[in-house]
Amino acid sequence: MMDETEDMFWADRIAGEVLSKKRFHYSDRPVKHSTFTVKTSASLSGVLHIGRLTDTVRGNAVYRALADKGVKAQFIWVAEDMDPLRKVPAGVPKSFVEHIGLPVSRVPDPSGCHDSYAQHFKEEYLGVMNKFVDEPPQTFSMTEEYDARNFKPYVKKIMENAEEVRRIVGKSKIKKCIEEDWFPWRPVCSECGKIITPRFLGLTDDGRVKYKCEDYAFKSLTAKGCGHEGEADPMKDAGKLAWKSEWAMQWARWGVVAEGAGKEYNIPTSAWFVNAEISERVLSFPMPTPIFYEYIVIGKGEKMSASVGNVVYPKDWLEVGPPEVLRYLFLKKITKTRGFNWEDVPKLFDDYHQCERVFFGEEIPENKKEEEHLKRLYELSQTSTDNYRVAAQYSLLATISQVAAGREVEVLQKLGHLPKDMDDAESIEQALAWARYWVEHYSPEDMRVEVEKTLPEVSLSEQQKKGLSMLAEIAGDPERISKETADIAKKAGLKPKELFQAAYLVLIGREQGPRLAQFIASLDEDFVRKRFKLEE
């Protein structure tokens, strides 16, 4: 177990903050926990991309850090399936606009294979998400919790203290939160079934909520109200709390000690701290320790968005690599924006491999703190006790998957990446399959190679021809090619770059390509020798 210092890995530091918390934040009441629950969740009203997955992976790291400290910890995932459908994602029929405003658990499944929209996407997501954690979290559905009346005691407290809740919410200085029609509980319209359109009109003498179902405008779409006026009992009828009170209720219901949230929540007037005060002052539960993080951005710094069309799904990643490498990206530093680009996948694998080498003592950083950081990062990146080991450099696998079909293992052994008696053929085949898929779908053009079947018509200087002839003599020895290419270029009267260009030109018809020594080793030795001697 690591010492509790400021140099600890961030997940261990947050776990330490959880365990050292003795008093409430908004009062002097003592904090007592018998079980330490870390919560993660996802709204099913949008797209469940890898940005959503970061919340789960980071929460899982804190859960593991707590368990490593010897306390009783649990990890839960909550489907926010009482949230209204706010937009129609790509791939869902446009006709689903008629369901805007319904709880996603009440929206039909567009594929027709599950009872609801929420059930379909929840099962699809969990089936993949569980591959990214060491053990599946205990899962909950907000709809099921409301239907089973598991929230009843908390809703009752919120209703009894509605004015105090309004006062706390009003401090957020958001106008709509302090208008007269704001109320912490919203009913489901008994006529149209929508959750977002009922507007609060007031309370009856016996505490029933009076409402009218009216249009509600989202950013891009409008949920159409049906005009129905009715009454609903928060203790008996279908409905839900507003987010500024529901989040607090979730913490109290499940005994949450830590949860993730984006960096925008790290301000005193945010929903996090509004709910924290409601949790402590109204529900008598201590606010959790926040896991504030930066987001995953795509390409040129764009936040991932289905409407922009730059979404990456967790299942997409599993076509190009194992969960451990993506966990590594998410866990490196949560206070720094993480960029994701498909073209950078080989570099990501290289970084992970360096972290792996440090963990196993194959590379020793000069900075001891950095060494401890990388070891813990690698440890928390794993999804099982069988550590994922990089089979070979990803860019090499990408190259040989294109030009050495049927000879991949032989080439890897030739390059010293595999022992001659290699017995883990399955993992090598999987690594090659990942690299092959990446090349076919995501790689930049200069990573795609096709060896010319006949000698290309290229213009070479006499010096380049001489240099290639000398390279031909060592074509079967990639180590010598790596070490001697610069000397050969010098002897031929060339700059190394000019010799490289000549080699690529006669092999693939262009001036740039994969690392030359590895590329040559991937090809048939006799073929390379003849091609460098400019023989057909």
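Quick note: the coordinates plus some simple rules give every number you see, no bench work behind them. Worth saying up front: this structure is predicted, and the values here are computed from it rather than measured. All Cβ positions, even for glycine, are placed from backbone atoms using ideal geometry, and neighbour counts span all protein chains on display.
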>> Cut-off is 10 Å between beta-carbons; in what order do CYS113, CYS355, CYS192 appear when sorted fewest neighbours first?
In response: CYS113, CYS192, CYS355
> Using all Cα-Cα distances in the stretch 462-532, what percent lands in each 5 angstrom bin from 0 up to the longest?
Replying inline: 3, 20, 33, 31, 12, 1
> In what sequence do THR383, THR54 fall when counting other Cβ within 10 Å, fewest first?
Replying inline: THR383, THR54
>> Output needed: percent of Cα pairs per 10 Å distance bin for the stretch 279-416, bins running from 0 to the one holding the longest distance.
In response: 10, 31, 31, 19, 7, 2, 1
>> On a full-extension model of 0.36 nm per residue, what is the gain between ASP28 and GLU479, subtracting their alpha-carbon distance, rounded to one decimal in nm?
In response: 155.5 nm
>> Test of the criteria: in the stretch 1-105, which GluC sites (Glu not before Pro) are in a DSSP loop and have at most 11 other Cβ atoms within 10 angstrom of their Cβ?
In response: GLU6
> Using 1/(1 + (r/R0)^6) with R0 = 30 angstrom and r between the beta carbons of LYS236 and ASP181, what's the FRET efficiency to the nearest 0.05?
Replying inline: 0.85
> Can you work out D for the stretch 343-475 in µm² s⁻¹ from Stokes-Einstein, where Rh is the Kirkwood radius over C-alpha pairs, the temperature is 20 °C and the viscosity is 1.002 mPa s?
Replying inline: 122 µm²/s
>> Using a 7 Å offset from the Cα along the Cα-to-Cβ direction at both GLU440 and ASN266, what is the distance between the two label points in nm, to one decimal?
In response: 4.2 nm
> Do any trypsin sites (Lys or Arg not before Pro) in the stretch 112-195 lie in a loop, going by DSSP, with at most 15 other beta-carbon atoms within 10 Å of their beta carbon, and if so which?
Replying inline: ARG149, LYS171, LYS173
> So, by mean Cβ neighbours within 10 angstrom, what's the order for 257-268, 273-284, 432-443 with the highest one leading?
Replying inline: 273-284, 432-443, 257-268
> Quick one: of the DSSP bridges fully inside the chain, what percent are antiparallel, nearest 5?
Replying inline: 45 percent
>> Taking 8 Å as the Cα distance limit and 6 or more residues as the minimum spacing, I'd like the relative contact order of the stretch 462-532 as a percentage.
In response: 40 percent
> Once the other residues with Cβ under 13 Å from the Cβ of ALA502 are scored (Lys, Arg +1; Asp, Glu -1), what is the net sum?
Replying inline: +4
>> Could you sort the peptides 245-254, 318-327, 214-223, 469-478 by per-residue average Cβ neighbour count (10 Å cutoff), highest mean leading?
In response: 245-254, 318-327, 469-478, 214-223
> How many angstrom lie between the C-alpha centres of the stretch 87-122 and the stretch 196-216?
Replying inline: 26 Å
> For the stretch 408-536, what is the per residue volume of the convex hull drawn over the alpha-carbon atoms, in cubic angstrom?
Replying inline: 104 Å³
>> On the Cα set of the chain, report Rg and Dmax in Å, please.
In response: 29.4, 100
> If you take the beta carbon distance between LYS369 and ASP147 as r and set R0 to 30 Å, what does 1/(1 + (r/R0)^6) give as a FRET efficiency, to the nearest 0.05?
Replying inline: 0.05
> From the backbone phi of the stretch 199-214, what are the Karplus-calculated ³J(HN,Hα) couplings (6.51 cos²θ - 1.76 cosθ + 1.60, θ = phi - 60°) in whole Hz, Gly and Pro given as x?
Replying inline: 9, 5, 10, x, 10, 7, 4, 9, x, 7, 8, 8, 8, 9, 7, 10
> Hey, what do the phi angles of the stretch 255-270 turn into as Karplus ³J(HN,Hα) couplings, whole Hz, using 6.51/-1.76/1.60 and θ = phi - 60°, x for Gly and Pro?
Replying inline: x, 6, 10, 7, 7, x, 7, x, 4, 5, 7, 8, 9, x, 9, 6
> Counting only Cα, what are the radius of gyration and maximum Cα-Cα distance Dmax of the stretch 1-119, in Å?
Replying inline: 19.5, 57
>> Rounding to the nearest 10 and keeping the result within 0 to 90°, find how far the Cα-based axis of helix 10-20 lies from the longest principal axis of the chain.
In response: 30 degrees
> Which value at 222 nm does the chain reach when only helices count, each DSSP H run of 4 or more adding -39,500 (n - 2.57), with the total divided by all residues and rounded to the nearest 500 deg cm²/dmol?
Replying inline: -12500 deg cm²/dmol
> Where does each of THR269, THR197 land when they are ranked from fewest to most other beta-carbon atoms within 10 angstrom?
Replying inline: THR269, THR197
>> Quick check: pseudo-label points 7 Å beyond the Cα along Cα→Cβ at SER461 and LYS530, how many nm apart are they?
In response: 2.9 nm
>> Longer than 29 Å from Cα to Cα, which of LYS347/LYS414; LYS171/LYS219; LYS87/LYS347; LYS94/LYS347 are they? Say none if no pair is.
In response: LYS87/LYS347; LYS94/LYS347
